[in-house]
Amino acid sequence: MSENTRRNVERIPFTVNGRTYTPPDEPVVVICVDGSEPAYHEEALAAGRMPWLAGLRASGAISDWPALSAMPALTNPNNLSIATGHPPRVHGISGNYILDPDTGEEVLMNDKRFLRVPTIFAVANAVGYDVAVVTAKDKLRRLLGAGLVESGPSLEGSGDFVEPVRRGICFSAEYADSATERTNGIGDVLELVGRPLADVYSADLSEFVLAAGVKILADRRPDLMYLSLTDYIQHKHAPGSEAANDFYGMLDHWAQQLHDLGAVVVITADHGMSAKTDESGRARVIFVQEEVERVLGQEGIARVILPITDPYTVHHGALGSFASVYLTADADAALVGSALGQLTGIQAVLTRADASERYGLPADRIGDLVVLAEEGYALGKNAAWHDLSGLDAPLRSHGALGELRIPFIINRPLPRPADLPVAHLGDIGEGPTACVYNYDAFWMATTALSRSGDSVGSVRG
């Protein structure tokens, strides 16, 4: 990508995973605000902390719709859903952590080998558009950079991994000091952005991503840009708190700069966030492994995987709302499912087939049973497995139906799409009926925008 210029690329449509994208003349920037339930920006708006967004609402120059994330409501699956335009059943990333069906080992799902289809970024890059991706945490960099700055799934669908025909930009704020032209498509990032390396456990990490996005947009004018933030603030601070309002005021500041540079800006999230404590602030946790072993009367007959697990457990202690239970062949799955479903705090227990069908999950990468916690509860493995020493605030976490509701804001007025069918999901809590998923973000900002003279209708195309 050449500096200080935007190439005169014909605005040709391109198709990725069955969806066709027609970029507008303006650059498109999608911001994924990690863990952003809608109450966060609504409270910040009410406090007068988001003047740019308030101005857009007042002028009507905005699309501001209720939206849902994909299941599970976790970081890796939803970032890859946004990046591919589809739920996890298509792209294969079912969590942050997985029981690898090929090896039987528990591993982090940060390796691009788990990715089954190309990303929007890879295909846009291949057809000649300039693409830049900046993530807060490095765990997403290799997944989102596959096919953009390093080998990724074949664009022809062969299943092979191939090197990109040209290179874009992809780096993390976490390791911005070590980004190079050879590896990341850009070097000297700290000097470019004019900010020091941020601590991974800070709001500064997200601000670095946004500041980098503004600088790259001003200097290099990419056609498509994706900025993925961290949920450090959302795990620690409730909507309307001073720290949360400060964060959303910061987001508003940088989003306005992207807007002022002429970008189509989409603000959405990978998932929401819920308090997982009782009135006294004590965490309400159901230890699933212990409960399964109690029901079956023996140890070692089940294996519980918590897909929220990632390298950054100071946020949440690996306690989320979604669990996969793998049972031995002689275990009574129906008995286990029935017993777990009767526990206070359990919203649903589904078989592998039912969970895959309802929630668009890859069946080979979830357990025999899928367990979902109610909004105010968290799921653990057993008490000894979790290190909660790093938690310095009441537990807030995510993963299941109580954390599906998210914002979806575009700085352009578009016709509202039709309501999504949601009855099959189960109880997703109170709120307006959603009309988009987060993984519709790039389609809405490209193809839907180009069709904006007509009714958008369905966003499945």
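Return the residue satisfying two criteria in turn: it lies in region 351-364 and is more than 21 Å from GLU105 (Cα to Cα) and in contact with a helix residue (DSSP H, G or I) (Cβ under 6 Å, 6 or more places away or on another chain), and of such residues it is surrounded by the fewest Cβ atoms within 10 Å (Cβ to Cβ).
At the first step, the residues of region 351-364 found to be more than 21 Å from GLU105 (Cα to Cα) are 351, 353-360.
Filter once more, keeping what is in contact with a helix residue (DSSP H, G or I) (Cβ under 6 Å, 6 or more places away or on another chain): 356, 358, 360.
Numbers: SER356: 20, ARG358: 15, GLY360: 18.
Selected residue: ARG358.
With respect to the stated conditions, LEU404 is within 20 Å of the chain's Cα centre (by Cα) and either aliphatic (A, V, I, L, M) or more than 25 Å from ILE233 (Cα to Cα) (or both).
Looking across region 108-128, the residues that are buried (at least 24 other Cβ atoms within 10 Å of the Cβ) and either out of contact with any strand residue (DSSP E or B) (no Cβ under 6 Å at 6 or more places or on another chain) or in a helix (DSSP H, G or I) (or both) come down to THR119, ILE120, PHE121, ALA122, ALA124, ASN125.
Scanning region 165-185 for residues that are over 24 Å from the mean Cα position of the chain (by Cα) and either in contact (Cβ under 8 Å) with a residue 24 or more places away in the chain or closer than 20 Å to MET109 by Cα (or both) yields a count of 2.
If the condition is being within 22 Å of THR15 (Cβ to Cβ) and more than 14 Å from the chain's Cα centre (by Cα), then region 93-118 contributes LYS112, LEU115, ARG116, VAL117, PRO118. Just a yes or no: is a residue in region 389-401 under 19 Å from GLY95 (Cβ atoms), under 22 Å from the mean Cα position of the chain (by Cα), not basic (Lys, Arg) and not in a loop (DSSP other than H, G, I, E, B)? Yes - at least one qualifying residue is present in region 389-401.
Comparison of GLY367, GLY426, GLY376, GLY399 shows that the only residue that is surrounded by 14 or more Cβ atoms within 10 Å (Cβ to Cβ), at positive phi and touching a helix residue (DSSP H, G or I) at 6+ places or on another chain (Cβ under 9 Å) is GLY426. Among the residues of region 21-42, at least one is over 18 Å from GLY213 (Cα atoms), in a helix (DSSP H, G or I) and either touching a helix residue (DSSP H, G or I) at 6+ places or on another chain (Cβ under 8 Å) or outside the structural domain of THR84 (by TED's automatic domain parsing) (or both).
Considering region 265-303, and only residues there that are more than 25 Å from the chain's Cα centre (by Cα) and among the polar types (S, T, N, Q), the residue that is surrounded by the most Cβ atoms within 10 Å (Cβ to Cβ) turns out to be GLN289.
Every condition in (1) closer than 14 Å to PHE171 by Cα; (2) touching a residue at least 60 places away in the same chain (Cβ under 8 Å) is met by TYR201 except one, and the failing one is (1). Scanning region 333-363 for residues that are under 21 Å from the mean Cα position of the chain (by Cα) and assigned to a helix (DSSP H, G or I) gives ALA355, SER356, GLU357, ARG358, TYR359, ALA363.
Checked against (1) within 27 Å of PRO421 (Cβ to Cβ); (2) touching a strand residue (DSSP E or B) at 6+ places or on another chain (Cβ under 9 Å); (3) charged (D, E, K, R), ARG57 meets all criteria but (1). Filtering region 302-316 to residues that are more than 18 Å from ASN79 (Cβ to Cβ) and at pLDDT 90 or above leaves ALA302, ARG303, VAL304, ILE305, LEU306. Would you say ALA441 is more than 16 Å from SER324 (Cα to Cα), touching a strand residue (DSSP E or B) at 6+ places or on another chain (Cβ under 7 Å), part of a helix (DSSP H, G or I) and small (Gly, Ala, Ser)? So ALA441 fits the description; yes.
Quick one: would you say VAL133 is hydrophobic (A, V, I, L, M, F, W, C) and in contact (Cβ under 8 Å) with a residue 24 or more places away in the chain? Steps first, please.
Values: hydrophobic (A, V, I, L, M, F, W, C): yes; in contact (Cβ under 8 Å) with a residue 24 or more places away in the chain: yes.
Yes, satisfied.
So, ARG57, is that one more than 17 Å from SER228 (Cα to Cα), within 16 Å of the chain's Cα centre (by Cα), assigned to a helix (DSSP H, G or I) and outside the structural domain of TYR326 (by TED's automatic domain parsing) or not? Taking the combined requirement at face value, the residue does not satisfy it. Only a single criterion out of (1) assigned to a loop (DSSP other than H, G, I, E, B); (2) outside the structural domain of TYR129 (by TED's automatic domain parsing) is not satisfied by THR15, namely (1).
The values are calculated or read from the model by the stated rules, or taken from the named source; none is laboratory data. These numbers were taken from a predicted model, which means no experiment stands behind them. Every residue, glycine as well, gets a Cβ built from its backbone with ideal geometry; the counts of neighbours run over all protein chains shown.
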